[in-house]
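FYI, it's all coordinate maths here, none of it is from the lab. What you are looking at is a predicted structure, and each value in this text was computed from that prediction instead of being measured. Reconstructed Cβ throughout: ideal geometry from the backbone, glycine too, with neighbour counts over all protein chains shown.
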Amino acid sequence: MNIERNRRGFLKKLVALGGVLGLSPFAINRMLGSEIARSEVDMGGDIATMEATMVSTWNHGMVANKAGFGALLNGGSSLDMIEAAARIVEADAEGLSVGIGGLPDRDGVVTLDACCMDHKGRAGSVACLEDIMYPLSVARKVMEETPHVMLVGDGARTFAIDQGFVPTNLLTEKAREAWIKWMETHDYKPVINIENHDTIGMLALDNEGRLSGGCTTSGVSFKMHGRVGDSPIIGAGLFVDGNVGAATATGLGEAVMRTVGSFLVVELMRGGMHPQAACEAAVKRIIDSMDVSELQVGYLALDKQGRYGAHAIHGGFNFALTTANSSDLIDASHG
Ligand code: SD4
């Protein structure tokens, strides 16, 4: 207890010293090494603790968050955390729902959707992107290098190649076999909670209080060629308001798009709701407006204060919560 108090006293002095030296809280944190993910920010006399927090959907949220915190430790922003997290999952050829290895559409073509948004409300998105392994990184390039928010199909692919991304065959043997098996029945029924490794939606708050988010997916399996889901649609699969909070969605995109789900969650938080209550209200909006017996949607939210929430229509949705001190896989509430 005393040791903890002494440590905190030492940190406060160091923060104050950093302030005198004109260092930002982030630079001070760098001096603090392992303390990097927890800033003590001088708020006009009061020292407030600002803790970096990251939440990401499904089991693969654990490795994603780990990569995100790795980026933070290297001096990255919350947007860098999001991009690093996305890339680790996008590059995993075993995963059937994101990046390389994602299940293809009905024509056997893997098409990827992704977007990102930062605390300033800047947004980038790609949809129906073929042959490019890191769609969220391409979305970030759209955000940072073009006057647009969204590029799709061939245009997105050409842009990505111009930006130095290398065309890659994204259809793995495992995914091709699943598609061939699917063709025996041609039965189109979205699968609820694919192996708990579905679309990855990620929300991060860095220790300067900046919120960012990202979402990346191969979309629902065996979709029609050209179909775009909610994941790359700003306001549907992802929305970030740096002054309020951020939300992301997973599940059947059509249900999320029809209710502009992530925007709804953020607007409810703006009205004062806790992220958990906001996710529950957005799920209820879907339940009240359509038959949900065969469809799953889950929302994940993180507000500016670092409070989080998650809720889904059906059970089985989980998310990873990571801070400087811990990383846990948590089952979301449902119903
Ligand atoms: C989509 N929302 O394309 C994505 C798929 C997904 O969990 O999230 N599955 O509709």
Rounded to whole Hz, the Karplus (6.51, -1.76, 1.60) HN-Hα couplings of segment 276-289, x for glycine and proline
5, 5, 5, 5, 5, 5, 5, 5, 4, 4, 6, 4, 6, 10
Work from the charge dipole of segment 51-334 (Cβ charges, +1 for Lys and Arg, -1 for Asp and Glu, about the Cα centre) and give the residue of T172, A281, L238 farthest towards its positive end.
A281
With 10 angstrom as the radius, rank L79, L136 by how many other C-beta atoms surround their C-beta, starting from the fewest.
L79, L136
Once the cut-off is 15 Å, how many percent of the Cα-Cα pairs in segment 209-280 end up in the long-distance tail?
51
Which listed residue (G271, V220, V260) has the Cα farthest towards the positive end of the charge dipole for segment 51-334, taking +1 on Lys and Arg C-beta and -1 on Asp and Glu C-beta about the Cα centre?
G271
D288-I161 pseudo-label distance in nm [points 7 Å out on the Cα-to-Cβ vector]:
4.9
